[in-house]
Each structure stands twice: as structure tokens, then as C-alpha cells.
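Below you'll find the structure, written out as C-alpha cells, and then a few comments.
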Amino acid sequence: MLELRPGCECCDRDLPPDSAEARICTFECTFCADCVKNVLHDTCPNCGGNFAARPIRPAGKLGKFTPSQKRVFNPDLLKSTQ
Ligand SMILES: [Zn+2]
Ligand SMILES: [Zn+2]
């Protein structure tokens, strides 16, 4: 099951479980669509893999399958890619 991390690792934008903007790599490094396109250029800075759109978890399943509360944020990512 996906962790559904709550925010973008690059810009710390909120990415709720129903966000269409969330992108993940195979290790579930989580970023927003803007960062993937404009900052990361479709390559995960942590593992070198590519990204796919994160599937939306239906609201009715969120109670039993709780999304991760663990926010991952690397402010250095923005700097290192510019
Ligand atoms: Zn972002
Ligand atoms: Zn990754």
C-alpha cells in the first residue's frame, strides 16, 4: 500500500490523498507536478528513477487506510537543481 505522503519533498506544497498533482517514483519519493516538470525534469533526485501520477485513494477508504503523516521535505533540493 502506498504511504501517500502529505507534501512535496521539493517545495513542501500540500499533496492530499485526492490531489491530482502528486507524482511518485518507485520508492514513493513524492513531489508535485510542477517540481517534477520544472525543477526535477522527470528524474527523481533521490534514486534517479522516473515518476508516475500517484493514484487517488477514494475518500471512503481513508478511514481504514490512513495516509502517512510523515512529511518529507528537502529544502536543499531546490538549490541543488538550480
Ligand atoms: Zn513541489
Ligand atoms: Zn526516488
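The values are calculated or read from the model by the stated rules, or taken from the named source; none is laboratory data. In this text, all values refer to a predicted model and were calculated from it rather than measured experimentally. As a convention, Cβ positions derive from the backbone with ideal geometry for all residues, glycine included, and neighbour counts pool all protein chains shown.
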Within the stretch 46-71, the count of residues that are surrounded by 14 or more Cβ atoms within 10 Å (Cβ to Cβ), modelled with pLDDT of 95 or more and among the hydrophobic types (A, V, I, L, M, F, W, C) comes to 1
Looking only at the stretch 27-45, count every residue that is over 11 Å from the mean Cα position of the chain (by Cα), within 13 Å of ligand 2 (Cβ to nearest atom) and exposed (fewer than 15 other Cβ atoms within 10 Å of the Cβ) and tell me the total. 2
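So, of the residues in the stretch 1-10 that are part of a loop (DSSP other than H, G, I, E, B) and not basic (K, R), which turns out to be farthest from the chain's Cα centre (by Cα)? Break it down stepwise before answering.
Initial filter on the stretch 1-10 (part of a loop (DSSP other than H, G, I, E, B)): 1-6, 8-10.
Among the residues that remain, those that are also not basic (K, R) are: 1-4, 6, 8-10.
Values: M1: 15, L2: 11, E3: 10, L4: 8, P6: 8, C8: 5, E9: 6, C10: 9 Å.
This residue is M1.
Assess whether V72 counts as being in a loop (DSSP other than H, G, I, E, B), within 12 Å of ligand 2 (Cβ to nearest atom) and in contact with a Lys or Arg (Cβ under 8 Å, 6 or more places away or on another chain).
On the way: in a loop (DSSP other than H, G, I, E, B): yes; within 12 Å of ligand 2 (Cβ to nearest atom): yes; in contact with a Lys or Arg (Cβ under 8 Å, 6 or more places away or on another chain): yes.
In short, yes.
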What are the residue pairs meeting all of these: first residue in the stretch 30-48, first residue at positive phi, second residue surrounded by fewer than 17 Cβ atoms within 10 Å (Cβ to Cβ), Cβ atoms under 9 Å, and 6 or more apart or on different chains? H41/T81; D42/N50
Matching residues in the stretch 11-26 - criterion: being touching a Phe, Trp or Tyr at 6+ places or on another chain (Cβ under 7 Å), within 12 Å of ligand 2 (Cβ to nearest atom) and assigned to a loop (DSSP other than H, G, I, E, B): C25
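So if I check each of L15, L77, which one is buried (at least 19 other Cβ atoms within 10 Å of the Cβ), within 13 Å of ligand 1 (Cβ to nearest atom) and over 13 Å from the mean Cα position of the chain (by Cα)?
Details: L15 fails: over 13 Å from the mean Cα position of the chain (by Cα).
The unique qualifying residue is L77.
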